[in-house]
Amino acid sequence: MSFKFEVKASLSNRLGRTGVITTPHGQIKTPAFIPVGTKATLKSVLPESITEFGAQAVLANAYHLYLQPGPEIVDQAGGLGKFMNWGKPTFTDSGGFQVLSLGVGFKKVIAMDENTFQDDDVIADDKERLAHVDDDGVTFKSHQIGADIIFAFDECTTLHNTRSYQERALERTRLWAKRCLAEHDRLTKSRADKPYQALFGVLQGAQYEDLRRKAAKDLSTMVVDGISFDGFGIGGALDKQSLGDILRWVNEELPQDKPRHFLGIGEPDDLFVGVENGADTFDCVAPSRQARTSSVFTKDGRVNISNAPHKNEFFPIEKDCTCYTCTNYTRAYLCHLFRSKEMVAATLATIHNQHFIVGLVDQMRKGIEDGTFLDFKAQFMARYYKK
Ligand SMILES: [Zn+2]
């Protein structure tokens with residue numbers, strides 16, 4: 001097995017730490033922001049740019065790749081990294097969130113009840129049944145996609161579900177986790193010629209402290225056929241105010257020596273709270289999505305670069321930014337590209353936004369290493385949010 005995690009330095013009196021995740025495709029220094037390449041591509045940018053703006057890994061989505069091109073194709077290509085010409089570590093999200101979001105998107109009520117799950121419900125040709133993908137359909141097929149880190153299938157609930165529903169959903173996620181571990185063991189042995197894939201259990205429990213702590217205890221002590229989870233994903237329903245508390249509850253229960261991925265977090269203030277409370281890696285579509293709508297990050301907050309005031313600003317988005325975009329292009333040019341609806345506008349804005357967020361979490365890591373994290377946080381937050 002070539003997966004391991006080592007804690008290097010800790011934030012005093014807090015759960016935050018730095019570490020190194022080792023995968024068959026290289027190391028990830030943590031904390032780290034992992035850009036999302038949902039369909040095996042980071043929208044609008046070349047793999048060379050992903051390396052250049054400093055990303056250490058990319059997260060794709062098993063569910064989307066399962067639908068198109070299909071896991072067999074990715075497997076035949078030599079795995080996700082090879083397929084997309086990305087030589088560094090890869091993650092795939094399980095699809096629990098997509099089952100939720102696409103189910104809602106297709107205006108289908110997601111019962112997610114055990115009675116509705118049958119083996120022949122895995123995937124259907126007509127789109128109306130997309131919400132019925134179960135763990136056979138997503139997590140087990142994830143092995144064929146060949147990412148270094150994969151997530152067990154979970155039920156992603158919302159804050160609108162009742163407490164009793166959250167309890168039942170948590171129990172279903174726990175039972176799925178057990179099945180995933182058993183199947184993971186079997187598939188790992190049957191694919192011994194392929195690089196080892198680390199399996200992370202996903203903790204749900206919404207806003208409830210007892211459920212979150214229970215999920216962390218259940219999954220961190222779970223052993224099936226002698227194997228346990230390699231790390232943990234923290235996901236599901238949470239609001240901004242409770243984000244730090246939820247992370248603290250689960251990270252107080254989780255073992256120190258396994259990595260923790262916080263799913264779907266990418267706003268600067270949330271990343272600070274995440275790092276401070278012991279999350280090691282993060283992913284989010286927001287930096288790219290915002291870039292495509294001409295919203296770019298600056299140390300003074302986000303700016304809509306297509307607005308009139310930027311028309312004649314003949315200087316970079318940020319004067320001291322070292323990204324490819326800021327090194328070569330002006331705000332005025334970006335403003336023009338967005339107004340002209342030119343495709344390269346999205347490319348240049350995405351490069352800058354990813355460089356900003358990846359770099360921000362890198363600075364947090366350095367801050368923990370040299371003891372300046374809290375000063376850096378205070379200074380960044382005061383300027384970015386004008387508080
Ligand atoms: Zn830049």
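Can you pull the Kirkwood radius for the chain, inverse mean 1/r over Cα pairs, to one decimal in Å? Intermediate results must be reported in sequence, preceding the final value.
Numbers: mean 1/r = 0.0467 Å⁻¹.
Averaging 1/r across every pair of different Cα atoms and inverting gives 21.4 Å.
State the Cα centre-to-centre distance between the stretch 149-220 and the stretch 14-47 in whole Å.
21
HN-Hα J couplings of the stretch 285-296 from phi, Karplus 6.51/-1.76/1.60, θ = phi - 60°, integer Hz, Gly and Pro as x?
Using θ = phi - 60°, the values come out as 7, 4, x, 6, 4, 5, 4, 5, 9, 6, 9, 10 Hz.
At 1.4 Å probe size, with every protein chain present, just tell me what the per residue accessible area of the chain comes to in Å². Write out the running numbers ahead of the final one.
Values: 16540 Å² over 387 residues.
Ligands and nucleic acids excluded, the result is 43 Å² per residue.
Please state the relative contact order of the chain as a whole percent: Cα pairs under 8 Å, 6+ residues apart?
The normalised contact order for the chain reaches 18 percent.
What are the residues whose amide H is under 5 Å from the amide H of Phe151, where those residues sit 5 or more places off or on another chain and H is modelled from the backbone?
Amide H neighbours of Phe151: Thr92, Ser94, Phe200.
Mean separation of Cα pairs under 8 Å and 6+ residues apart, divided by the residue count of the stretch 233-276: what relative contact order is that in percent? If you can, show how the numbers build up before the last one.
On the way: 22 pairs, mean separation 25.0, N = 44.
Reported relative contact order: 57 percent.
Could you list the square roots of 5 times each eigenvalue of the Cα gyration tensor of the stretch 190-315, that is, the equivalent ellipsoid semi-axes, sorted largest first and rounded to whole Å?
Each semi-axis is the square root of five times an eigenvalue, giving 36, 19, 11 Å.
Show me, for the stretch 321-327, the HN-Hα J-couplings you get by feeding each phi into the Karplus relation (A = 6.51, B = -1.76, C = 1.60, θ = phi - 60°), rounded to Hz, glycine and proline as x.
7, 9, 5, 4, 5, 6, 5
Give me the percent of accessible area attributable to carbon and sulfur for the stretch 157-283, probe 1.4 angstrom. Walk me through the numbers before you get to the answer.
Details: 2410 of 4730 Å².
Here carbon and sulfur together make up 51 percent of the probe-accessible area.
What whole number of Å gives the distance from the Cα centroid of the stretch 360-387 to the Cα centroid of the stretch 316-343?
Distance between centres, Cα-based: 26 Å.
For the stretch 239-386, compute the orientation-averaged projected area of the C-alpha convex hull (one quarter of its surface), in nm².
Working: hull surface 38.3 nm².
That works out to 9.6 nm², a quarter of the Cα hull's surface.
Report the local net charge at Gln290: Lys and Arg +1, Asp and Glu -1, summed over other residues whose C-beta lies under 13 Å from its C-beta. Don't skip to the end; give the middle numbers.
Numbers: positive: Lys43, Arg289, Arg292, Arg302; negative: Glu267.
For residues surrounding Gln290, the net value is +3.
What list of ³J(HN,Hα) couplings, whole Hz, do you get for the stretch 193-201 from phi and the Karplus terms 6.51, -1.76, 1.60, once you set θ to phi - 60° and write x for glycine and proline?
7, 9, x, 5, 10, 7, 10, 9, x
On alpha carbon coordinates alone, what is the Rg over Rh value for the stretch 318-375, Rh being the Kirkwood radius?
1.14
Tell me the net charge near Ala308. Cut-off is 15 Å between Cβ atoms, Ala308 excluded, with +1 for each Lys or Arg and -1 for each Asp or Glu.
With Lys, Arg at +1 and Asp, Glu at -1, the net is +2.
Filter the chymotrypsin sites (Phe, Trp or Tyr not before Pro) in the stretch 304-352 down to the DSSP loop ones having no more than 16 other Cβ atoms within 10 Å, then list what survives.
Phe314
The values are calculated or read from the model by the stated rules, or taken from the named source; none is laboratory data. Predicted model only: the values in this text are computed from it and were never measured. No Cβ is skipped: glycine too gets one built from the backbone with ideal geometry, and neighbour counts run over all protein chains shown. For accessibility, only protein heavy atoms count, side chains too; no ligands or nucleic acids. Shrake-Rupley method; radii C 1.70, N 1.55, O 1.52, S 1.80 Å.
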